Amino acid sequence: MLPELMITVLSGGTGGAKFVQGLSRVVPAEDITVIVNTGDDLEWWGLHVSPDLDSISYALAGQLSRERGWGVEGDSFHCAEAAARLGLPTWFRLGDRDLALHLARTQLLGSGRSLGEATAEIVARFGVRSSVLPMTNQRVETRVSTAAGELNFQEYFVREHYAPTPLGVCFAGAEQASPAPGVLEALAAAQAILIAPSNPITSIGPILAIPGIRHALRAAPAPIAAVSPMVGGAAVSGPAAALMRAAGFAPSYSGVASAYSDFLDVLIADYRDAKWHDQNAALGFSTGVRVHFCDTIMTSEPSKDELARAALSSLGGALDKFCSREAVSP
Ligand code: GDP
């Protein structure tokens, strides 16, 4: 049964996890459905690792490492050290407790569960009350073409530390994939749709590439707001600026608005960028998207909550009751 209030979020792993943490304290966690990028998934040591699903699940379960922004808080890396001594590749780091999640997922998939079913079981075992959905149950691989050749996303991001200049991005398998069960329903039934401050090209891009999802966003009755991951003409972290340029977008909040302009109502941009707004308007930045400026940098738990409230209040209407500090749910 669908909850009475339904807030559907599209998300990657890092900026998205921080944002979802705040949101789950501002509205009842069971009212949130997160549709998560799986284009970053990889097979590692024979295990199915799904970095963005993991980060969102850990964030909602209160287990996400604050220091690293991925993996489990306080985790150790004894297995990785032993694996290195045995000659296994270790450029993709997996903590000891984190390994248990990949073992559980791989076993569930091996027993015939879909990725969506496996994810639902894992988050239920974590005690998470929100719904966490992979964008698709099929395998889609984000591939980055660079001057140094084509790499999958983890090779580009983790192994090469995003040093090669990206020339373009594709999502292998996306055209043949279909949205996971629940995804289109969560977009059609939502009272608000939020795009997390995630990489527009390699986190939100793969979700939008699954046939039917972009159309569902355009057709959704709910208002849609996105939080910009770009501040001051640069990504808050990671390679989003170079990837935005490679995809033909300005590496700025206006570029984010352009990337989503066919379905977006409101862009939440950082107040530090407000000074560019008149100039952008004069330069013809007219996507029809309303821009709402506020502090979008999530350096503390209260700042995550504040950003979630700002995103909800920018959409107004039935969501206003969640926008005051007193409204925080237990
Ligand atoms: P990934 O799957 O690890 O790439 O995770 P995401 O796509 O969800 O997050 C990466 C994006 O988050 C980057 O483009 C960052 O610029 C953005 N980001 C990280 N922290 C913050 C923050 O505190 N505020 C905002 N606005 N963006 C952030």
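The values are calculated or read from the model by the stated rules, or taken from the named source; none is laboratory data. Here the structure is a predicted model, which means the values were calculated and not measured. Because the Cβ atoms are built from the backbone with ideal geometry, glycine has one as well, and the counts that use them run over all protein chains shown. Areas reflect the complete protein model, heavy atoms only, side chains present, ligands, DNA and RNA absent. Shrake-Rupley method; radii C 1.70, N 1.55, O 1.52, S 1.80 Å.
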Original post:
What ³J(HN,Hα) values, in whole Hz, does the Karplus curve 6.51 cos²θ - 1.76 cosθ + 1.60 give for segment 199-207 when θ = phi - 60°, with x put for Gly and Pro?
Top reply: 4, x, 8, 9, 10, 7, x, x, 5
**OP:** Could you pull the accessible area for Y253 with a 1.4 Å probe, rounded to 10 Å²?
**Re:** 0
Subject >> Extension reserve of the F92-T299 stretch, reckoned as 0.36 nm per residue once the Cα distance is removed >> reply: 72.0 nm
**OP:** Give the dimensionless ratio obtained when the Cα radius of gyration of segment 76-141 is divided by 2.2 N^0.38 Å.
**Re:** 1.31
Original post:
How big is the accessible area of D320 in square angstrom, nearest 10, if you roll a 1.4 angstrom probe over the protein chains?
Top reply: 90
Original post:
What Kirkwood radius, in Å to one decimal, follows from the Cα pairs of the chain?
Top reply: 20.0
Original post:
What's the local net charge at P134, with K and R +1, D and E -1, over the other residues with C-beta under 14 Å away?
Top reply: -4
**OP:** DSSP loop (so not H, G, I, E, B), at most 16 other Cβ within 10 Å: list which trypsin sites (Lys or Arg not before Pro) in segment 1-89 pass both filters.
**Re:** R66, R68
Original post:
Taking the alpha-carbon set of segment 51-109, what are its Rg and Dmax in Å?
Top reply: 11.8, 35
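Calculate, in nm to one decimal, what R68 and E185 gain on full extension: separation in residues at 0.36 nm each, minus their alpha carbon distance.
Length difference between fully extended and current span is 38.8 nm.
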Subject >> Around L187: net Lys/Arg minus Asp/Glu count, Cβ-Cβ under 11 Å >> reply: +1
Original post:
Remind me, what semi-axes does segment 1-149 give for its equivalent ellipsoid, largest first in whole Å, using sqrt of 5 times each Cα gyration tensor eigenvalue?
Top reply: 26, 17, 16
Subject >> Estimated dipole of the chain in Debye, rounded to 20 [Cβ of Lys and Arg +1, of Asp and Glu -1, Cα centre] >> reply: 180
